[in-house]
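J.: Below is one structure. I have some questions about it.
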Amino acid sequence: MDREREARIRQARAVRDAQAKELALEPGVLAPRAALEAVVDRRPHDEGGLVGCLGRRWRASVMAPVLLALVGGWKGGAAADAEPA
């Protein structure tokens, strides 16, 4: 596993866990690990991109403020800044 990717997944999980606690939800209901991995891999730059990663609009709406800020702070920024595959 790529260490940087795993570190980003841990960061995403930490913000997810904090949001889940605040909302009294199970963290996996708010954003399963696979969804967080999609966020790390795709680095969405808006709420619409988060819907594609998280699978549900309500999840994206709740998580957008924290996840988009997190993604924007990663080296390379959002996927829009990354080179095409």
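J.: What is the distance, in nm, between label points placed 7 Å from the Cα along the Cα-to-Cβ direction at Glu26 and at Asp46?
T.: A separation of 3.4 nm, rounded to one decimal place.
J.: To continue, here is another question. In nm, give the distance between the simple-model label positions of Trp74 and Ala14, each being 7 Å from the Cα along the Cα-to-Cβ direction.
T.: Placing both labels 7 Å along Cα→Cβ, they lie 1.5 nm apart.
J.: Identify which of the listed values of Rg and Dmax of the Cα atoms in Å was calculated from the structure shown: [x] 14.9, 44; [y] 11.9, 39; [z] 11.7, 33.
T.: Looking at Rg and Dmax of the Cα atoms in Å for this model, the match is [y].
J.: Once the Cα atoms of helix 33-42 and of the chain are each reduced to a long axis, what angle between those two axes, in degrees from 0 to 90 to the nearest 10, is obtained?
T.: 30
J.: Where does each of 2-11, 42-51 land if you order them by average Cβ count within 10 Å, highest first?
T.: 42-51, 2-11
Values in this text are rule-based calculations from the coordinates and carry no lab data. Worth saying up front: this structure is predicted, and the values here are computed from it rather than measured. Don't worry about glycine lacking a Cβ; one is built from the backbone with ideal geometry, like all the others, and counts go over all protein chains shown.
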